[in-house]
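Participant: Sharing a structure, written as structure tokens. Questions coming.
Computed from the coordinates by the stated procedures, all read-outs in this text should not be read as laboratory data. Every value quoted in this text rests on a predicted model; they were computed, and no experiment measured them. A quick note on method: Cβ atoms are made from the backbone with ideal geometry, for glycine too, and the neighbour counts reach across all protein chains shown.
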Amino acid sequence: MTIIIDDAGSGDLLFGMVIGAYRKETGEFKYDVVDVKYFKPPLFRRKEYLKETSRIVLQLLEKLKVRENEEIMLCRGYIFDKAVEDLKKLYGEDRIKRIKVSGTPQRYVETAYLDELRNLGYEPIEQRENARAKNFFHMLKWLKRNPDKIKYAKTGWPRLSRYRIFKNQRRRESLS
């Protein structure tokens, strides 16, 4: 048996991040969300999202009731570095592998993320994975039209301060 863990949304402007766990042989799928607050000051600066990702990975594995000697494969992305470290301590080096996730597990996690975006009222662009800049500016324009949704933006990235919509938001966040 094998459990594959992937993420979606970490590089997007909107929402937090979805972490999904998929059991290959049975098709079981569970997911949870790293809240957007982990991508805002001051938590973002301290990289608290890495600890939260690890906590969620452990929780998802618990929900799937990891079986003895079951392999656990995680996406190669840095977002899982802390989780891999924690899992190796818990399950041993041999059971934990880093892979490039594709196919069904990737599709399930991406779909869960897109559903979460739609729950905000945002309709993602098609081919968003192949058009990162277009995707960013589409989300930015949506936020400008829906300023009440700025609370769902990842504002921890320093470069965002060049956009007027985020200047006041960063000041408010640094005061809290």
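Participant: Stretch ARG159-ARG107 to full length: gain in nm at 0.36 nm per residue minus the Cα-Cα span?
Facilitator: 15.7 nm
Participant: Return the equivalent ellipsoid semi-axes of the range 29-176 as a descending list in whole Å, where each equals the square root of 5 times an eigenvalue of the C-alpha gyration tensor.
Facilitator: One finds semi-axes of 31, 19, 13 Å for the range 29-176.
Participant: If you don't mind, another one. When the helix-only estimate is applied to the chain (DSSP H runs of n ≥ 4, each -39,500 (n - 2.57), divided by the residue count), what is the mean residue ellipticity at 222 nm, nearest 500 deg cm²/dmol?
Facilitator: -13000 deg cm²/dmol
Participant: Can you spot the lysines whose alpha carbon is less than 30 Å from LYS89's alpha carbon? Ignore those fewer than 8 places along the same chain.
Facilitator: LYS24, LYS30, LYS37, LYS40, LYS47, LYS51, LYS63, LYS65, LYS97, LYS100
Participant: Here's another thing I want to ask about it. Once you put a point 7 Å from the Cα of LYS97 and another 7 Å from the Cα of MET1, both along the Cβ direction, what distance in nm separates them?
Facilitator: In this crude spin-label approximation the distance works out to 1.7 nm.
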